[in-house]
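Below is one structure, written out as structure tokens; comments come after it.
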């Protein structure tokens with residue numbers, strides 16, 4: 001099926017403006033790349049000084065070409081680009097490639113970058129760049145990269161979309177183990193964005209896995225739509241998202257000209273749609289290799305076999321730190337291994353199978369690996385043997401891989417502790433045959449974690465958020481539209497009406513009704529300031545707990561009213577064991593409403609033990625995310641405390657997630673802190689709504 005990006009990434013004709021015979025010029029390199037890639041369409045060079053370059057016919061201008069072309073590649077300086085762009089637009093081109101940064105030493109207002117962007121948008125031009133290293137459509141023989149690249153074996157199954165030019169070339173060029181079908185350096189994304197390339201890749205039948213080097217999303221709604229499409233088509237996406245720190249985010253803005261967005265929100269969006277996040281380019285490349293291999297990954301954990309006890313211990317430590325699950329093998333498998341191992345070697349996973357040797361050593365290694373892989377708890381397996389001289393591998397290693405896979409049908413990998421070489425012909429040949437040879441235990445474990453996490457994501461049941469009563473939505477939409485400020489009593493009533501349990505609160509503006517209120521509500525009580533503008537009450541001494549008598553109530557009121565003002569709230573003191581949690585709604589400038597859940601109370605900001613979740617969701621999704629908290633075990637009962645009602649808290653979180661969507665235009669922020677999780681149920685004790 002044709003795609004709207006075809007004129008750019010799959011053109012039937014190309015002109016290279018600024019083509020050159022100088023070997024180190026971009027205008028020469030791009031021609032050589034197109035010829036090396038065996039571009040099947042009409043190819044022209046444009047330069048008034050030549051009549052041919054690299055065997056390609058050369059013309060003095062675009063208007064002198066024998067036919068209009070679909071894609072014009074500009075290999076010229078920024079000083080010349082605008083005039084040549086005007087000529088190209090007049091000739092009716094549909095797409096363009098700009099490598100340069102569109103920066104002039106002396107410029108007028110608006111600057112060149114803005115002028116080019118506006119002209120391209122007005123003309124409906126599909127523009128890759130500017131400040132791009134180009135793209136490679138290996139599946140259709142369009143090598144439009146402006147810099148030297150390696151020989152590429154054949155079109156593969158992996159796609160790489162990088163907002164960093166080096167982020168593309170640093171993965172595509174150095175290592176022959178990854179065969180790509182498409183790779184692009186998106187640059188400034190003046191008209192064509194990462195979201196467009198994602199949509200293109202997802203529509204190509206050869207795409208098996210997509211890698212992203214992401215600084216930001218310029219079209220968050222379309223990015224979510226692409227993630228949703230990828231999940232529906234079972235195409236995993238692996239992402240490096242830069243901008244975790246404030247400095248990196250600021251530099252991202254200056255580099256790309258776009259907001260970096262909240263890192264926690266990106267995590268929430270990634271988790272919602274099964275996007276696997278990695279930390280660096282090495283992990284990204286390894287994960288792409290692992291996802292591109294043809295053997296499916298099922299549920300379970302990792303099994304590994306070693307020829308070193310020390311390196312086995314290192315893998316165990318790294319797996320724990322990186323969250324890569326190791327398979328807990330059965331007693332039956334352990335018994336099989338005991339019959340194969342030398343005395344003194346424990347029959348466990350990970351397995352140290354080093355022996356004193358013997359003629360049957362390699363056969364026993366085969367059997368040990370097969371036994372591990374055949375265990376029901378095993379999802380994938382690795383032989384961890386370091387490279388030998390010159391970064392090479394022994395053919396016996398490959399035999400073990402093939403036999404292990406043959407015995408189980410499961411994915412298998414050969415992994416070394418240190419970098420070997422991706423240029424070893426046997427390494428490349430074996431990887432391309434579906435038995436990847438990888439470098440680095442940590443990168444392998446991250447890749448395996450991604451594969452297993454994606455398998456878990458595919459197995460998740462569909463999300464079924466709760467439904468708010470239509471009458472409640474209607475009433476409160478009307479009420480919230482009428483008022484600028486919602487006080488704590490009304491905030492609590494709103495949340496209660498929507499289904500979130502909230503403590504009963506009564507407002508007091510003078511001391512006259514305190515005595516009767518104390519009798520009516522019953523002691524002990526809590527008093528909180530309700531003066532406008534005080535959001536963090538504990539910070540200013542605006543909360544009195546466990547008020548046990550009328551005398552204490554009156555004394556507390558006199559003190560608080562003199563310090564902070566006369567308006568206070570009185571609520572019952574909720575006694576008994578419990579854990580203070582927090583539920584919140586924030587509105588991200590890119591992705592809109594988000595839910596925050598975690599450990600709360602007065603130390604919430606200090607602990608920072610929270611997760612961000614994309615709404616709407618159900619209680620099961622809330623529990624999945626709650627399990628990511630560092631202090632999660634508090635809810636199960638710690639040091640003799642009883643377990644808390646986790647399902648009740650998760651249900652409250654799910655209701656808040658629906659509120660976030662239903663009232664997105666009216667409610668920008670909700671802070672329910674604390675929410676007391678108890679043995680039976682949970683209860684919001686304080687609420688702030690903006």
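The values are calculated or read from the model by the stated rules, or taken from the named source; none is laboratory data. Since the structure is predicted, the reported quantities are computational estimates derived from the model, not experimental observations. Every residue, glycine among them, receives a Cβ derived from its backbone with ideal geometry; neighbour counts consider all protein chains shown.
Odds and ends about this structure:
- Apart from one condition, residue 380 fits all of (1) surrounded by fewer than 22 Cβ atoms within 10 Å (Cβ to Cβ); (2) in contact with a helix residue (DSSP H, G or I) (Cβ under 9 Å, 6 or more places away or on another chain); the exception is (1).
- Among (1) modelled with pLDDT of 90 or more; (2) touching a strand residue (DSSP E or B) at 6+ places or on another chain (Cβ under 7 Å); (3) under 23 Å from residue 499 (Cβ atoms) - the single one residue 628 does not satisfy: (3)
- Residue among 402, 392, 477 that is modelled with pLDDT under 95, more than 21 Å from residue 278 (Cβ to Cβ) and not assigned by TED's automatic domain parsing to the domain that holds residue 668: 392
- Count - residues of the stretch 42-60 that are loosely packed, with under 14 Cβ neighbours inside 10 Å and not in a strand (DSSP E or B): 5
- For residue 191: the one exception among (1) in contact (Cβ under 8 Å) with a residue 40 or more places away in the chain; (2) surrounded by fewer than 23 Cβ atoms within 10 Å (Cβ to Cβ); (3) out of contact with any strand residue (DSSP E or B) (no Cβ under 9 Å at 6 or more places or on another chain): (3)
- Selection status of residue 552, surrounded by fewer than 20 Cβ atoms within 10 Å (Cβ to Cβ), touching a residue at least 12 places away in the same chain (Cβ under 8 Å) and farther than 19 Å from residue 689 by Cβ: no
- Number of positions in the stretch 201-216 that are surrounded by 24 or more Cβ atoms within 10 Å (Cβ to Cβ) and either assigned to a helix (DSSP H, G or I) or modelled with pLDDT under 95 (or both): 3
- Which numbered condition residue 545 misses (of (1) in a strand (DSSP E or B); (2) free of Cβ contacts under 8 Å to residues at least 40 places away in the same chain; (3) in contact with a helix residue (DSSP H, G or I) (Cβ under 6 Å, 6 or more places away or on another chain)): (3)
- Scanning the stretch 165-182 for residues that are surrounded by fewer than 22 Cβ atoms within 10 Å (Cβ to Cβ), in a loop (DSSP other than H, G, I, E, B) and touching a residue at least 40 places away in the same chain (Cβ under 8 Å) yields a total of 4.
- Of the strands (runs of 3 or more DSSP E) lying entirely inside the stretch 609-690, those containing at least 3 residues that are more than 29 Å from the chain's Cα centre (by Cα) and more than 17 Å from residue 268 (Cβ to Cβ) span 670-678, 682-684, 687-689.
- Check on residue 484, at negative phi, surrounded by fewer than 19 Cβ atoms within 10 Å (Cβ to Cβ), outside any helix (DSSP H, G or I) and without any contact (Cβ under 8 Å) to a residue 12 or more places away in the chain: yes
- Within the stretch 386-421, considering residues that are under 19 Å from residue 370 (Cβ atoms) and in a loop (DSSP other than H, G, I, E, B), the one farthest from the chain's Cα centre (by Cα): 394
- Within the stretch 299-314, the set of residues being in contact with a strand residue (DSSP E or B) (Cβ under 7 Å, 6 or more places away or on another chain) and in a helix (DSSP H, G or I) comprises 309, 311, 312.
- In the stretch 555-581, of all residues being surrounded by 22 or more Cβ atoms within 10 Å (Cβ to Cβ) and under 30 Å from residue 269 (Cβ atoms), the one that is farthest from the chain's Cα centre (by Cα) corresponds to 579.
Condition check ((1) under 27 Å from residue 224 (Cβ atoms); (2) not in a helix (DSSP H, G or I)) across all residues:
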site: 271; (1), (2): yes, no
site: 283; (1), (2): yes, no
site: 291; (1), (2): yes, no
site: 296; (1), (2): yes, yes
site: 316; (1), (2): no, no
site: 329; (1), (2): no, yes
site: 346; (1), (2): no, yes
site: 355; (1), (2): no, yes
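- Against the test of being over 25 Å from residue 388 (Cα atoms), modelled with pLDDT under 95 and not in a helix (DSSP H, G or I), the options 249, 260, 264 yield a single qualifying residue, 260.
- Unique residue being in the same structural domain as residue 325 (by TED's automatic domain parsing), surrounded by fewer than 15 Cβ atoms within 10 Å (Cβ to Cβ), on the phi > 0 side of the Ramachandran plot and modelled with pLDDT of 90 or more when the list is 409, 440: 409
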